[in-house]
Amino acid sequence: MKAISIGLLGLGTVGSGVVKIIENHQDKLMHQIGCPVQVKKVLVQNIHKEREVAVNQSLLTTSAEEIIDDPDIDIIIEVMGGLEGTKELLLKALKQKKHVVTANKDLMAVHGSELLTTASLNSCDLFYEASVAGGIPILRSLVDGLASDRITKMMGIVNGTTNYILTKMSKQGSAYDDVLAEAQRLGYAESDPTADVDGLDAARKMAILSTLGFSMKIDLDDVKVKGIRSVSEDDLQYGKQLGYTMKLIGIAQREGEKVEVSVQPTLLADAHPLAAVNDEYNAVYVYGEAVGETMFYGPGAGSLPTATAIVSDLVGVMKNMRLGVNGKSAISPQYEKKLKQPEEIYSKYFLRIHVKDEVGVFANITSVFAEHGVSFEKILQLPLKEAEEAEIVLVTHRSSLEDFEQILNKLRDLSAINEIKSSYRVEGGGR
Ligand code: NAP
Ligand code: HSE
């Protein structure tokens, strides 16, 4: 029985997991697809590097062409990362009728539509389950499991590194830099972790999720992004005091024909189901008009969880090969893109400000909020160590983003306000 031959591009954290799963689950793979699976060649940068997994040295190559041009290789698994060069490589592979499985969200968020079109024109599969939320089968759930429903909201913790950092900072008081280094050592972070901490990795995943969930082509530039670098120990502690947990949250919401998509540090009411998702775990909350609330939870990063999604995609490709239906499953977006404007985006907000500790300051502040019809849900006022300065922490009722931004601008102009220390979106906990 002829084996299916795989060309593996990359043998780092995820690539090593793929090799382990293909080796260790060979019986299960045989049972599902009816033939053995073998990794025929592996692309790396440095052939002599010590590896996490034992691979026959003769399989390693530094020549991508050696793999892409090999007529015996049926399927390419891309786990090397990269953008333009990797795109060209995968386009070439697809044009040579090779199916592709990738974990590369950078690539799918930016060039997904071109790659999917090329795949379909060449009767090839291009699967990318591992690109969002590691081991959680969220893309398949949106496309297949919820195919009959109209999804109106997706909210997710979709970056394992930042969830790990915020959890350790909040629960153990660990220092940001130390926990980031630990997340890198554990293989959760991207090779350039600024993509994690600045929210870009999560934004790429939200672009992919919202494109599939809303059947609307959402580009990376459509996702408003703010990362976790400026989240301070004080913000976490005040959040806790007021009954909230800080998470980096991706939100995609649809009202009528319009959508909003953002990634930002968000204070979640402690009772919110996403508030209990800790460490490197991910979760995606999905609301469908018919099904109501659903939540998908699991490890969002790391070698074996991510590799599980990849090898499951591989099984999907091989089942399609048996049925002769490769390249038939991609569906192009149904709706024209319509984005909400700031006056249409509503939320509650947390605000922490340092003010002069003098008569009338609080009245000045409340009058700015009142001009915009925004009232408060919670307020704390505390004296600071610095003489004649106080700290005010408040949570508003729902306000439009436009009103909130105008309020911030007016507060900055008030002479009684020394500094706006931080502001965050707030989710859950009532109206
Ligand atoms: P990684 O540990 O840095 O591994 C990358 C691998 O690709 C290495 O083996 C490297 O070779 C090889 N490589 C990189 N650039 C190459 C080039 N230009 N030519 C030849 N080989 C090259 O990365 P990773 O964490 O496994 O991530 C791989 C992909 O999966 C990325 O797209 C990432 O975003 C995505 N992803 C990662 C995770 C995770 O938890 N880590 C989860 C989901 C998705 P050498 O080993 O010789 O340096
Ligand atoms: N760096 C990513 C994360 C890997 O931390 O979530 C999984 O996509």
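The values are calculated or read from the model by the stated rules, or taken from the named source; none is laboratory data. Just so it is clear, the structure is predicted and the values come from calculations on it, not from any experiment. Don't worry about glycine lacking a Cβ; one is built from the backbone with ideal geometry, like all the others, and counts go over all protein chains shown. Protein only, heavy atoms only, side chains kept; ligands, DNA and RNA dropped before computing areas. Shrake-Rupley method; radii C 1.70, N 1.55, O 1.52, S 1.80 Å.
For the reader, a short list of remarks on this structure follows.
- Carbon/sulfur fraction of accessible area - the chain, other protein chains in place, 1.4 Å, %: 49
- Note that region 37-42 has calculated 3J(HN,Hα) couplings of 10, 10, 7, 8, 8, 9 Hz, one per residue in order, obtained from phi through the Karplus relation 6.51 cos²θ - 1.76 cosθ + 1.60 (θ = phi - 60°); glycine and proline are x.
- One chain, two ends: SER123 and GLN237. Fully extended at 0.36 nm per residue, the span grows by 35.6 nm beyond their Cα-Cα distance.
- Over region 60-169: Rg over Rh, Cα atoms, Kirkwood Rh: 1.04
- Residue by residue, region 195-205 carries 3J(HN,Hα) couplings of 4, 6, 6, 8, x, 5, 4, 5, 5, 4, 5 Hz when phi is fed to the Karplus relation 6.51 cos²θ - 1.76 cosθ + 1.60 (θ = phi - 60°); x denotes Gly or Pro.
- For region 10-74 versus region 123-165, the gap between their alpha-carbon centres in whole angstrom: 25
- Residues in region 133-166 reached by a label modelled at LEU323 [backbone nitrogen below 17 Å; 7 Å Cα→Cβ]: 140-148
- For region 334-349, 3J(HN,Hα) computed residue by residue from phi via the Karplus equation (6.51, -1.76, 1.60; θ = phi - 60°) reads 8, 10, 6, 6, 9, 9, 6, 8, x, 6, 10, 9, 10, 6, 8, 9 Hz, glycine and proline entered as x.
- Region 22-100: relative contact order in percent, alpha carbon pairs under 8 Å with at least 6 residues between: 22
- Rounded to the nearest 5, the antiparallel percentage of DSSP beta bridges internal to the chain is 70%.
- Note: relative contact order over the chain, using C-alpha pairs below 8 Å and six or more positions apart, is 17 percent.
- Using the rule -39500 (n - 2.57) for each DSSP H run of four or more residues, divided by the residues of the chain, the 222 nm mean residue ellipticity is -10500 deg cm²/dmol.
- Zone residues, region 292-322, relative to VAL53, backbone N less than 11 Å from point 7 Å out along Cα-to-Cβ: 303-308, 310-311
- Here the relative contact order of region 1-137, from alpha carbon pairs under 8 Å that lie six or more residues apart, stands at 23 percent.
- The amide H of LEU60, built 1.01 Å from its N in the peptide plane, has VAL42 as neighbours under 5 Å, considering only residues 5 or more places off or on other chains.
- Here the label points at SER113 and GLU343, each 7 Å from Cα along the C-beta direction, are separated by 2.8 nm in the simple model.
- Label point of VAL291 set 7 angstrom out along Cα-Cβ; within region 233-254, amide nitrogens under 17 Å from it belong to 252-254.
- Between region 212-271 and region 317-390, the alpha-carbon center distance in angstrom: 7
- Surface accessible to a 1.4 Å probe, per residue, for the residues of the chain, Å²: 44
- Full extension of the segment from ALA276 to ASN24, taken as 0.36 nm per residue of separation minus the current Cα-Cα distance, would add 87.5 nm.
- Those aspartates and glutamates that a straight Cα-Cα span of less than 15 Å connects to LYS205, excepting residues fewer than 8 apart in one chain: ASP106, GLU129, GLU190, ASP196, ASP219, ASP221, ASP222, GLU260
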